[in-house]
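The values are calculated or read from the model by the stated rules, or taken from the named source; none is laboratory data. This structure is a prediction, so every number in the text was calculated from the model and none was measured. Note: ideal-geometry Cβ built from the backbone for every residue, glycine included; neighbour counts use all protein chains shown. Calculation scope for accessible area: heavy atoms of the full protein, side chains included, ligands and nucleic acids excluded. Shrake-Rupley method; radii C 1.70, N 1.55, O 1.52, S 1.80 Å.
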Amino acid sequence: MANNHLTGIGSESKQLATWYFTFAAILFGAQLLFGLVAAIQYVMPGFLFELLDFSVARMLHINALVVWMVFAMFGSVYWLLPDETGIETIGIKIGKLLYWVFVAAIVVVVLVYLFVQVGPADETSIWFIHEGREYIEAPRWADFGIVVVALGFVANLFLTGTAGNRSGIVTVLMADMIAFAGLYLAGMFFTDNISVDQYWWWWVIHLWVEATWEVYVGAIAAYGLITMIGAHRKVVEMWLWIEVAMLFGSGILGIGHHYFWIGTPEYWWEIGALFSALEPLPLVAMFIHVLYDWGKTQGAQDATGVEVSVINNKPAFTWFVLNAFGNFLGAGIWGFFHTLPQVNLYTHGTQFTSAHGHLAFFGAYATILIGMMYIAVQGTNGIKVMKHTKSSLWAVSMICGGVMGMTVALTVAGYVQVLVSRAQMGATWAGYFDGQSGMWFAQAMDWRLVMGAVTFLGFLFLAKDLLSTGKNPVHER
């Protein structure tokens with residue numbers, strides 16, 4: 001089934017995938033825009049005061065991040081299903097209906113966040129405005145809507161996977177998406193004990209991202225390597241199973257590093273420290289996986305005596321390689337910076353967390369999902385070999401440079417907070433303000449804003465390229 005990504009361009013499943021990618025790109029732009037607003041407010045606290053306060057801008061920034069990635073994940077699966085199973089996705093009409101339900105729900109939720117913002121602090125707020133749980137603030141009615149949409153998506157995946165030629169990639173996705181949908185339920189019930197509430201909240205945040213999402217990335221990387229460079233399926237799927245075992249092995253118990261300071265038993269210190277320390281290992285395997293398969297396939301081509309690149313989609317492959325680097329750096333290295341309890345005692349709640357979050361989400365997920373968007377553009381336009389354009393190069397350079405710049409700036413800011421607020425001032429209320437008023441912290445926030453603007457400009461180049469590159473004559477058809 002290698003290199004059959006151009007088959008079924010007229011397939012309804014692939015058409016639905018392009019819908020998901022389009023809305024994901026719009027939300028990606030919104031995420032960056034609200035992030036820019038929040039970054040300005042760090043430097044100019046009066047900016048949009050009582051119109052769009054920092055708490056609201058941050059909420060929109062983070063929720064748009066989660067939702068655009070979920071949209072792009074669903075789109076990626078709908079794109080690859082016909083290629084991997086050899087049949088049209090079953091239940092595609094329901095899939096299209098659920099897409100519009102999902103879009104409508106997200107639009108309503110964003111409008112409420114923007115124009116209502118705060119509720120009466122009773123059951124009405126939880127049901128119709130927002131729940132107040134960081135990252136998963138969606139009101140209760142939207143929670144149920146998301147569950148219905150996710151179950152419909154999982155049903156389509158299972159019906160198609162069981163009826164068609166089920167590959168290893170589809171098998172992994174089928175298992176992973178059950179966990180993906182199921183774990184969301186852990187954040188839906190209410191408990192008035194803050195420690196218990198945080199305990200279940202971390203199930204969604206950590207096990208979603210560091211288990212189910214990472215396994216998803218492994219499956220997409222496997223599909224992308226087969227599609228873009230004609231990598232050998234047996235080799236790719238062997239790596240995939242290794243990564244799945246390692247990710248679940250380290251990711252599930254690695255949740256313990258979130259339990260250090262929320263009132264859970266002390267044995268989580270040891271469990272969290274040990275298994276969190278193992279979490280970079282599967283990311284190294286993913287890194288090796290991508291570069292090994294590229295080198296092996298290119299070497300086989302060069303051995304024929306004809307020097308031709310084996311990559312049939314240069315922009316997508318660039319983003320996939322960046323995923324291998326970014327996942328290891330952002331999720332692995334920057335995550336490990338502050339995951340041991342002895343270190344986390346000082347770094348918890350500082351900009352170290354923000355630095356890790358920015359690079360990890362971008363490096364582990366945004367990169368590979370943008371790569372899948374380019375694969376969809378290639379397939380939709382019937383391009384045999386897709387090349388870089390000036391816009392695609394500007395986009396990848398400015399977005400990656402901007403995110404890396406933000407990460408370094410936030411790391412410096414976190415370092416100042418650790419030295420002043422925690423080590424010197426002993427984590428006092430006065431120490432918190434002293435840490436944020438220092439010259440290094442202020443300069444780091446200035447640079448974070450500058451690099452955020454660079455990232456947003458890069459997104460504009462990306463949007464332009466995704467919309468126009470399909471008709472560009474530079475590609476081989």
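Odds and ends about this structure:
- Summed side-chain charge close to GLY152 - residues other than GLY152 whose Cβ falls under 14 Å, Lys, Arg +1, Asp, Glu -1: +2
- Percent carbon-and-sulfur accessible area, the chain, ignoring ligands, DNA and RNA, probe 1.4 Å: 72 percent
- Accessible heavy-atom area order of TRP239, TRP440, highest first, probe of 1.4 Å: TRP440, TRP239
- Relative contact order of segment 141-217, pairs being alpha-carbon contacts under 8 Å that are 6 or more residues apart, as %: 32 percent
- The chain, helix-only ellipticity at 222 nm - DSSP H runs n ≥ 4, -39,500 (n - 2.57), divided by all residues, nearest 500: -23000 deg cm²/dmol
- In order along segment 388-393, the phi-based Karplus estimate (6.51 cos²θ - 1.76 cosθ + 1.60, θ = phi - 60°) of 3J(HN,Hα) comes to 6, 10, 4, 5, 5, 6 Hz; Gly and Pro are listed as x.
- Degrees, to the nearest 10: 351-361 long Cα axis against longest axis of the chain: 10 degrees
- Heavy-atom accessible area order for THR171, THR407, largest first, 1.4 Å probe: THR171, THR407
- J(HN,Hα) series, segment 14-31, from Karplus relation 6.51 cos²θ - 1.76 cosθ + 1.60, nearest Hz, glycine and proline x: 5, 4, 4, 4, 5, 5, 4, 5, 4, 5, 4, 5, 4, 5, 4, x, 5, 4
- 13 Å beta-carbon shell around GLN198, net charge (K/R +1, D/E -1): -2
- Solvent-accessible area per residue for segment 152-282 (1.4 angstrom probe, square angstrom): 37 Å²
- Within-15-Å neighbourhood charge of ASP176 [Cβ basis; K, R +1; D, E -1]: -4
- Dipole-positive endmost among ALA277, ALA64, HIS206 within the chain (Cβ charges, Cα centre): ALA64
- For the chain, a crude dipole built from +1 on the beta carbon of Lys and Arg and -1 on the beta carbon of Asp and Glu, taken about the Cα centre, is about 1380 debye to the nearest 20.
- Relative contact order (%) - criterion: Cα under 8 Å, at least six apart; region: segment 12-471: 14 percent
- Protein-only accessible surface order, largest first, of ASP176, ASP302 at 1.4 Å: ASP302, ASP176
- Using only side-chain charges placed at the Cβ, +1 for Lys and Arg and -1 for Asp and Glu, the dipole size of segment 1-99 relative to its Cα centre rounds to 60 debye.
- Cα-based Lys proximity count in the chain, under 20 Å, for pairs eight or more positions apart or on separate chains: 16
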